[in-house]
Amino acid sequence: MDCIFCKIAAGEMPSNKIYEDEETLAFYDVSPQAPVHFLVIPKTHIRGVDEINESNSGIVAHIYEVIAHIARQLDLDNGYRVVTNCGDDGGQTVGHLHFHVLAKRTLAWPPG
Ligand code: AMP
């Protein structure tokens, strides 16, 4: 499968890694939309939120634990936003489930 995030998870493509465990990887986004912008992905290929089901949803809870852990490490005390785009209308451009974490600037709401 030609998936760039699978390649990053497998170490076949470089990334600016922040955190890794057996199930997840976190790395900085190459095109940051905030002073702090990183992605957290499952190492297993899941296309997006539209492929989450009762057999794989446990990884989502774990990813949120990872996000909270990294946020504490990076001192994101003033808050942050977690975003997951899904499908074309959601603006998803990489078809491997990922959670954007944006911080260190005030973010508009609604996002537009
Ligand atoms: P989305 O558009 O929600 O699917 O988000 C995909 C994100 O992946 C975008 O913010 C891209 O900037 C980012 N991205 C694409 N390729 C890489 C890469 N090789 N390393 C880090 N981030 C990437």
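List of remarks:
- Between Ala68, Ala26, the distinction of being aliphatic (A, V, I, L, M), over 24 Å from Trp109 (Cα atoms) and either outside any loop (DSSP other than H, G, I, E, B) or near the ligand (Cβ under 10 Å from one of its atoms) (or both) belongs to Ala26 only.
- Hey, Met13 more than 15 Å from the ligand (Cβ to nearest atom), in a loop (DSSP other than H, G, I, E, B) and aliphatic (A, V, I, L, M) or not: no
- If you go through the range 1-53 and pick out every residue that is without any contact (Cβ under 8 Å) to a residue 40 or more places away in the chain, more than 20 Å from Arg72 (Cβ to Cβ) and surrounded by 14 or more Cβ atoms within 10 Å (Cβ to Cβ), you end up with 5.
Only the coordinates and a few stated rules stand behind these numbers; no lab work does. Only a predicted model underlies this, so the values are computations on that prediction, with no experimental measurement involved. Every residue, glycine as well, gets a Cβ built from its backbone with ideal geometry; the counts of neighbours run over all protein chains shown.
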